[in-house]
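Peer 1: Structure below; questions to follow.
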Amino acid sequence: MPHDPYKALYLHLPFCVKRCGYCDFSTAAVSADSPEIDAYVEDMVLQIRRKAKEGELGALKTVYVGGGTPSYVGLARLSNLLYTLSLSMHLTPEVECTMEANPESLTERMVRDIWALGVNRLSIGVQSLDDEVLRTLGRAHTSDDARRAIEAALTRFENVSVDLMCGIPGQSEQSFEDSVREAVRLGVAHVSVYPLTIEPHTAFEQAVLKGALEEPDDDVEAAHMEIAARVLSEEGFERYEVASYARPGFACRHNIAYWTGVPYLGIGRSAATMTQNADRRMRTQDGQVTDDLGLASMAAEDLMLGMRMTCGVSDEQVEQAAQLLPEAHEAFAELAGEGLVVHADGRWRPTEHGWLCGNELYGRLFDLAP
């Protein structure tokens, strides 16, 4: 279908030094010198060139190199990929270009070189700065590795983000709070906080079933999320999305693209692409259609995705959606009555309670579509 131009590009590098027990992403532990990685990167380079020739990369505002562990594939392959990208699109400083990295494979030299090749935002998978918690997670790095990686990143990058996990069995409130405070002290500009979830067909699911690992506790996760909100707010970070906090001016524009109905292109194994025009929104993954939404479903999805954001949705957006979704106004009134949303200054916003009961909040809005 003729579609609106892509504004965001996601590149997936599905390789890691080891596979974490909780991970259900499309990744594999492969030797760093494996020809499989070379072949994969070469194919990705060809796909980027092809998409550029087709005119699909001309309007991009954000790029995100994720995984897996992009830093694990090494500098030579990353340079090849980033150089191709810089020749294929306008990779100017105005384009937010994020790369994910893990502490064990991020070096000062890599930081210097990827910065020179156009990456301007680095997202580091720290998860915790407590060695005991890192051992529970089976991470390949120590807390000292993580500190060194953040310090290395800050030699070039102003825009450094860390991922932290909470609700991990055996992780105390103090341990989690200490990790959040130390990340801030080290100088990061963005923090993402994710509760541990036990995904099907992972090593952690097997461990829970065998009784070798406690199931994460919803109340503990909620308490940890509240600690993050309190500490990061005290430190001058703004919560702009359910799981994301940033210093003013450092919100991740690529993340926001996903929650605001912006068309995005995915390149690489299992990378999702979203195309849309005025009448239809479609998502594909590995050549298969995973979503095909008409006008009413698009409107419902946009309301739902808006509830992931602190700013919520405007009265105008709800009014427009109500022309396709007759129960929209009633649904927001009911959600407000249950304390899941609040209305102020011409906008409907999620409450903390709404985020903690996210499945109920998001489900109610998405189900407005006939």
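The values are calculated or read from the model by the stated rules, or taken from the named source; none is laboratory data. Keep in mind that this is a model prediction, so the values were computed, not measured. Methodologically, a virtual Cβ is constructed for each residue, glycine included, from the backbone with ideal geometry; neighbour enumeration extends over all protein chains shown. Ligands, DNA and RNA are excluded from the accessible area calculation, which covers all protein heavy atoms including side chains. Shrake-Rupley method; radii C 1.70, N 1.55, O 1.52, S 1.80 Å.
Peer 1: What is the ratio of the Cα radius of gyration of segment 1-73 to 2.2 N^0.38 Å, where N is its residue count, to two decimals? All intermediate terms of the calculation are to be shown ahead of the outcome.
Peer 2: On the way: Rg = 14.5 Å, N = 73, 2.2 N^0.38 = 11.2 Å.
For segment 1-73, the normalised Cα radius of gyration is 1.29.
Peer 1: Moving to a separate point now. Going highest first, how would you order 215-228, 182-195 by mean Cβ packing within 10 Å? Could the numbers behind the result be given before it?
Peer 2: Values: 215-228: 16.8, 182-195: 19.8.
Highest mean packing first, the order is 182-195, 215-228.
Peer 1: Another one. What number, rounded to the nearest 500 deg cm²/dmol, is the helix-based mean residue ellipticity at 222 nm of the chain, given -39500 (n - 2.57) per DSSP H run of at least four residues and division by all its residues?
Peer 2: Numbers: 14 runs with 150 residues, N = 370.
For the chain, the value works out to -12000 deg cm²/dmol.
Peer 1: Once the principal axes of the Cα atoms of segment 237-370 are found, what is the range along each, listed largest first in whole angstroms?
Peer 2: Its Cα atoms span 43, 39, 24 Å along the three principal axes.
Peer 1: Taking the mean number of other Cβ atoms within 10 Å as a proxy for protection, how do you rank 64-71, 343-350, 132-139 from highest to lowest?
Peer 2: Numbers: 64-71: 24.9, 343-350: 14.9, 132-139: 18.5.
Taking the mean over residues of other Cβ atoms within 10 Å, the ranking is 64-71, 132-139, 343-350.
Peer 1: Mind checking which of Val73, Val17, Pro5 is farthest towards the positive end of segment 1-77's charge dipole, using Cβ charges of +1 (Lys, Arg) and -1 (Asp, Glu) about the Cα centre?
Peer 2: Pro5
Peer 1: Here's another thing I want to ask about it. May I ask you to work out the translational diffusion coefficient for segment 254-330 at 10 °C, viscosity 1.306 mPa s, via Stokes-Einstein with Rh from the Kirkwood sum over Cα pairs, reported in whole µm²/s? Intermediate results must be reported in sequence, preceding the final value.
Peer 2: Numbers: Rh = 13.3 Å.
Value of D from the Cα-based Kirkwood radius: 119 µm²/s.
Peer 1: Of Arg121, Arg50, Arg308, Arg181, which has the most accessible area with a 1.4 Å probe, and how do the rest follow in descending order? Walk me through the intermediate numbers first.
Peer 2: Working: Arg121 5, Arg50 130, Arg308 55, Arg181 80 Å².
Descending accessible area places them as Arg50, Arg181, Arg308, Arg121.
Peer 1: Using only alpha carbon pairs under 8 Å that are at least six residues apart, calculate the relative contact order of segment 81-212 and give it in whole percent. Kindly include the intermediate steps, with their values, before the conclusion.
Peer 2: Values: 177 pairs, mean separation 29.8, N = 132.
Computed value for segment 81-212: 23 percent relative contact order.
Peer 1: If you don't mind, there's one more thing I want to ask. So how do Lys53, Lys61, Lys7 rank on accessible area, 1.4 Å probe, biggest first, that is with the largest at the start?
Peer 2: Values: Lys53 185, Lys61 115, Lys7 75 Å².
Ranked list, largest accessible area first: Lys53, Lys61, Lys7.
Peer 1: If you average the C-alpha positions of segment 142-211 and of segment 55-94 separately, how far apart do those two centres end up, in angstrom?
Peer 2: If we compute the Cα centre of each part, the gap is 25 Å.
Peer 1: Would you rank Tyr6, Tyr362, Tyr83 by solvent-accessible area, highest first, keeping every protein chain in place and using a 1.4 Å probe?
Peer 2: On the way: Tyr6 10, Tyr362 40, Tyr83 130 Å².
Descending order: Tyr83, Tyr362, Tyr6.
Peer 1: Ignoring ligands, DNA and RNA, what accessible area per residue does segment 201-303 give at 1.4 Å, in Å²?
Peer 2: With the other protein chains kept in place, segment 201-303 gives 47 Å² per residue.
Peer 1: Note down the accessible area of Arg156, probe 1.4 Å, to the nearest 10 Å².
Peer 2: Solvent-accessible area, nearest 10 Å²: 100 Å².
Peer 1: Could you tally up the Lys pairs in the chain with alpha carbons closer than 19 Å? Skip any pair fewer than 8 positions apart unless they're on separate chains. List each step's numbers first, then the result.
Peer 2: Details: Lys7/Lys51; Lys7/Lys53; Lys7/Lys61; Lys51/Lys61; Lys53/Lys61.
So the count of such lysine pairs works out to 5.
Peer 1: Can you classify segment 1-157 as rounded, prolate or oblate using the Cα gyration tensor, where a ≥ b ≥ c are the square roots of its eigenvalues, rounded means a/c under 1.5, and otherwise it's prolate if a/b beats b/c and oblate if not?
Peer 2: On the way: a/c = 1.94, a/b = 1.60, b/c = 1.21.
Prolate, because a/c is 1.5 or more and a/b exceeds b/c.
Peer 1: At a probe radius of 1.4 Å, what is the per-residue accessible area of Trp115, in Å² to the nearest 10?
Peer 2: 100 Å²
Peer 1: I want to verify the translational diffusion coefficient of the chain in µm²/s; compute it with Stokes-Einstein, Rh as the Kirkwood radius over Cα pairs, at 20 °C and 1.002 mPa s.
Peer 2: 99 µm²/s
Peer 1: Inverting the mean 1/r over all pairs of different Cα atoms, compute the Kirkwood radius of segment 131-262 and quote it in Å. Intermediate values should be presented prior to the final figure.
Peer 2: Details: mean 1/r = 0.0629 Å⁻¹.
Evaluated on segment 131-262, it is 15.9 Å.
Peer 1: Take peptides 300-306, 273-279 and line them up by average Cβ neighbours within 10 Å, highest first, as a rough protection proxy. Mind showing how you got there, number by number?
Peer 2: On the way: 300-306: 21.1, 273-279: 15.4.
Most protected by this proxy first, the peptides run 300-306, 273-279.
Peer 1: What percentage of the solvent-accessible surface of the chain, computed with a 1.4 Å probe over protein heavy atoms, is contributed by carbon and sulfur atoms? Walk me through the numbers on the way to the answer.
Peer 2: Numbers: 8180 of 16380 Å².
Using a 1.4 Å probe with all protein chains present, the chain comes out at 50 percent carbon and sulfur.
Peer 1: Taking only protein heavy atoms into account and a 1.4 Å probe, give the accessible area per residue of segment 120-184 in Å².
Peer 2: Counting only protein heavy atoms, the per-residue value for segment 120-184 is 34 Å².
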